[in-house]
1. Looking at F235, F220, which one is surrounded by fewer than 24 Cβ atoms within 10 Å (Cβ to Cβ), among the hydrophobic types (A, V, I, L, M, F, W, C) and within 28 Å of F69 (Cα to Cα)?
2. Scan region 226-248 residue by residue and report those that are modelled with pLDDT under 85, part of a loop (DSSP other than H, G, I, E, B) and farther than 14 Å from T263 by Cβ.
3. What do you reckon, is V83 crowded, with 18+ Cβ neighbours inside 10 Å, aliphatic (A, V, I, L, M) and under 21 Å from Q352 (Cα atoms)?
4. For region 362-394, which residues satisfy the criterion of being surrounded by fewer than 24 Cβ atoms within 10 Å (Cβ to Cβ), small (G, A, S) and under 15 Å from L60 (Cα atoms)?
5. I need every pair where a residue in region 209-234 that is farther than 13 Å from S349 by Cβ and of a type in the set (K, R) has its Cβ under 8 Å from the Cβ of a residue that is part of a helix (DSSP H, G or I) and at pLDDT below 90, sequence separation at least 6 or different chains.
6. Please state which one of V50, V65 is touching a Cys at 6+ places or on another chain (Cβ under 8 Å), in contact (Cβ under 8 Å) with a residue 24 or more places away in the chain, in a helix (DSSP H, G or I) and more than 15 Å from G24 (Cα to Cα).
7. Would you say L92 is of a type in the set (A, V, I, L, M, F, W, C) and within 22 Å of A241 (Cα to Cα)?
Amino acid sequence: MNPDASTLWRRPRWALAALLACLGMVGPFSIDTYLPAFSGIAASLGATPVQMQQTLSAYLFGFSVMNLFHGALSDSFGRRPVVLWGVAMFTLASAGCALSQHIGVLIFFRALQGVAAGAGIVVSRAVIRDMFPPADAQRVMSQVTLYFGIAPAIAPLFGGFLFVHISWHAIFWLLTAIGVALWIANYRLLPESLHPSQRQPMNLRHLMRGYAELGSSPRFLALALSSGVPFNGMFLYVLSAPVFLGEHLGLAPERFFWLFLLTIAGIMGGALLSGRLAGRVPPKRQIRHGFVIMGVVSLLNVGLNLAFEPNVWWAMWPIAIFSFGWALMVPVVTLMVLDQAPERRGMASSLQACIGSASSGVVAGIVAPLVMHSTVALAFASMAMWAVGAIAWFWVRPKLG
C-alpha cells in the first residue's frame with residue numbers, strides 16, 4: 001500500500017471507484033455493443049459466421065497476451081502512463097474498426113482494441129490495492145464491480161439502436177468518442193498511486209522469471225482459475241447471444257438488451273451485497289456462498305433445458321442468478337490473488353487477467369461455436385465453467401491462512 005495514499009484522492013471514495021470502473025468497462029462495452037450488429041457486419045463485409053466469431057477471438061487473445069505486460073509496465077513506469085497510453089491506443093483502434101471495409105482489417109483492429117483495453121482492467125485493480133487496506137479495498141472493488149455492471153447493460157441498447165437507425169460503423173465511432181472522453185477524464189483525475197519507492201526496474205528477463213515463479217505457484221493458479229473461469233459460465237451466453245437470443249428465443253437485435261439487463265442486474269446485486277458484507281462475513285464463507293449459488297442455479301438451468309423447449313420467459317433468469325453468485329465472490333478472490341505478490345501487484349493483476357481472458361478466448365473461439373446451437377449444450381458448458389472454478393477454490397481454500 002502507498003504510504004501517501006490518504007493524500008492522493010481528496011474526493012469521495014465512490015468517485016474513484018466510478019473512475020476505475022469506467023476503465024474496466026471499456027473491455028466488455030466494446031464486446032457487447034457490437035453483438036447486435038453481427039449479422040449486419042457479416043452482410044456488409046461479406047463475412048462468414050466463423051469469421052465474425054474471429055473478431056471476438058482476436059479481441060480476447062490480444063487482450064490476454066498484452067495483459068502480461070500492462071501490470072509489469074505499471075510497476076515500472078507508474079499507473080498513469082500505462083492507462084493513458086492504453087486508452088489512446090484503444091481510441092485509435094476503434095476508429096480503425098469504424099473505417100474497416102474488409103473482414104481481415106476489422107479482425108486486425110479488433111485485436112488491437114483488445115491489446116489496449118486490458119490496461120484499464122489490470123491497472124485499476126492495482127490502484128485499488130495501492131490505496132486501500134484489505135477491508136476498504138474489498139468495498140471499493142465491490143463498488144467497481146457495481147458500476148462496472150452498468151456499461152454492459154446499456155451497451156447492446158446503444159449498439160442495437162445505432163445499427164438499426166444508422167449503421168454498424170456508428171457503433172465503433174461511439175467507442176472512439178468514449179475513448180476520447182475517458183482519456184481526458186483520466187488525464188485530469190487519475191492519481192499516480194504507485195509510490196516511487198515501490199517501482200520495479202523494467203527487465204524482461206527478470207519479468208519472465210517473476211511470471212514463471214508466480215505461474216508455477218499452485219495457490220496463485222487455483223485462485224486465478226476460481227475467479228476467472230466461472231465468469232465464462234455467463235459470458236458464454238453473451239458470446240452466443242446472436243444465436244441464443246435470435247434463433248433459440250426469437251428476439252430481434254434491438255431486444256437483445258434483455259439478456260444483458262438481467263445479467264448485469266445480477267452482477268450489480270452481487271457486488272452490492274459483497275461490499276455490504278466486507279468486514280462482517282469471513283471472506284472464505286462469502287466465496288463459498290457465491291459458489292453454492294452458482295452451482296445450484298447451474299443444475300437448475302440444465303434441468304429446465306432438458307425438460308422444456310427454450311422460452312424467453314424463463315431462459316434468461318438462471319444466467320442472471322449465476323451472475324449474482326459470481327459477483328458476490330469475485331471481489332474477495334481478486335484481492336486474494338493480488339496479495340499473492342504484494343511487492344508486484346501489477347504483475348499479479350496482469351497474470352490473473354491473462355489467465356481469465358485466455359480462458360474467455362478459448363470459450364469464444366472454440367467452446368461457443370461448438371455449443372451455441374443447442375440450449376442444452378450451452379447449459380452443460382456453463383455448468384462446466386462453474387465446476388472448474390469450484391474445484392480450484394475448494395482445493396486451495398485449506399491452504400490459505
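1. Details: F235 fails: surrounded by fewer than 24 Cβ atoms within 10 Å (Cβ to Cβ).
Every option except F220 fails the conditions.
2. none
3. Details: crowded, with 18+ Cβ neighbours inside 10 Å: yes; aliphatic (A, V, I, L, M): yes; under 21 Å from Q352 (Cα atoms): yes.
Answer is yes for this residue.
4. G365
5. That search, which allows pairs on different chains as well, returns R219/V396; R219/K399.
6. On the way: V50 fails: touching a Cys at 6+ places or on another chain (Cβ under 8 Å).
Exactly one residue qualifies, and that residue is V65.
7. Working: of a type in the set (A, V, I, L, M, F, W, C): yes; within 22 Å of A241 (Cα to Cα): no.
Spelling it out, it is not the case that L92 is of a type in the set (A, V, I, L, M, F, W, C) and within 22 Å of A241 (Cα to Cα).
Residue by residue, here is whether (1) out of contact with any Phe, Trp or Tyr (no Cβ under 6 Å at 6 or more places or on another chain); (2) farther than 19 Å from I31 by Cα holds:
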position	(1), (2)
F77	yes, yes
R80	yes, yes
G86	yes, no
F90	yes, no
S94	no, no
V105	yes, no
F109	yes, no
G114	no, no
R139	yes, yes
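The values are calculated or read from the model by the stated rules, or taken from the named source; none is laboratory data. Model, not experiment: these values are computed from the prediction. Please note: Cβ atoms are built from the backbone with ideal geometry, for glycine as well, and neighbour counts cover all protein chains shown.
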